[in-house]
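Comments concern the structure below.
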Amino acid sequence: MTRILVVDDEAQLVRALAINLHARGYEVHTAATGADALAEAARTPPDLVVLDLGLPDMDGLDVVAGLRGWTAVPIVVLSAREGQHDKVAVLDTGADDYVTKPFGMDELLARIRAALRRAAPSDVEGQASVALGDVVVDLSASTVTGPSGAIRLTPTEWHLLTALLQRPGKLVAQKQLLQEVWGPAYSTESHYLRVYMAQLRRKLEADPAHPRFLVTEPGLGYRFEP
């Protein structure tokens, strides 16, 4: 049974979540503070964490960081903070998704299902080659081949592409990509990503205006959808 840890100090919300998750066959554990959440996760490792940022004893970001010190468990954050800066900070710290309060229960349940799917072992992860439709990316030979033959990528395009392909189905934050591909000094140069992602899509996607594989999460980052 899939085990979900719900971390929130709003008893009514926790009760509603527990009822809805139980009804869908999940095993539910709860915690009302960050300290309790970290202790519970260590004692009974969950398959997914639903985490409120506004906890009474510590910021939810510290809980994310504490979990990421030893586990890759999917973390879906709940928060009344609506600013893009807050969302980016959460993703940069290691959360997998962000849901703004108030939210619909159906939306949250859908986000949970999606996070669990992404966390499942992938057929792409660990492969030497990856197919993007009719285009084949050979990660071991550093080549890209399409229906008409070899496709030339610049070193920067290749670095950006592999950074996404090596994390199939997972959102990679803008700041993380910029630091990984261009270096720490470029962590705010988001226009670099827009330019190079457009170039990659023109070379690799059948319909660059409506990409199937190299997907944008507006204001947050990018995702390779296998």
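Some observations on this one:
- Residue that is surrounded by the most Cβ atoms within 10 Å (Cβ to Cβ) [pool: residues in the stretch 87-109 that are within 23 Å of TYR222 (Cβ to Cβ) and more than 15 Å from the chain's Cα centre (by Cα)]: THR100
- Considering residues of the stretch 200-215 that are in contact with a helix residue (DSSP H, G or I) (Cβ under 7 Å, 6 or more places away or on another chain) and outside any loop (DSSP other than H, G, I, E, B) only, the residue farthest from PRO74 (Cα to Cα): LEU200
- Residue tally, condition surrounded by 13 or more Cβ atoms within 10 Å (Cβ to Cβ), touching a helix residue (DSSP H, G or I) at 6+ places or on another chain (Cβ under 9 Å), at pLDDT below 90 and outside any helix (DSSP H, G or I), over the stretch 128-157: 3
- Against the list (1) out of contact with any helix residue (DSSP H, G or I) (no Cβ under 8 Å at 6 or more places or on another chain); (2) at pLDDT 85 or above; (3) not in a helix (DSSP H, G or I), the condition GLU82 fails is (2).
- Near pairs, Cβ below 9 angstrom, 6+ apart or cross-chain, from the stretch 59-70 (farther than 10 Å from LEU38 by Cα) to any residue that is among the acidic types (Asp, Glu) and outside any helix (DSSP H, G or I): GLY60/ASP52
- Contact map, the stretch 178-199: residues that are assigned to a loop (DSSP other than H, G, I, E, B) paired with residues that are of a type in the set (Lys, Arg) and modelled with pLDDT of 85 or more, Cβ distance under 8 Å, separation 6+ or inter-chain. Pairs shown: SER187/LYS175; THR188/LYS175.
- The lone exception for LEU108 - which of (1) in a helix (DSSP H, G or I); (2) within 26 Å of VAL77 (Cβ to Cβ); (3) of a type outside the set (Ser, Thr, Tyr); (4) at pLDDT below 85 it fails: (4)
- Selection count where residues are more than 19 Å from ASP106 (Cβ to Cβ), under 23 Å from the mean Cα position of the chain (by Cα) and assigned to a helix (DSSP H, G or I), scope the stretch 1-39: 3
- Hits in the stretch 37-72 (condition: in contact with a strand residue (DSSP E or B) (Cβ under 8 Å, 6 or more places away or on another chain) and acidic (Asp, Glu)): GLU40, ASP47, ASP52
The values are calculated or read from the model by the stated rules, or taken from the named source; none is laboratory data. As the structure is a prediction and not an experimental result, all values here were calculated from the model. FYI the Cβ positions are ideal-geometry reconstructions off the backbone, even for glycines, and counts take in every protein chain you see.
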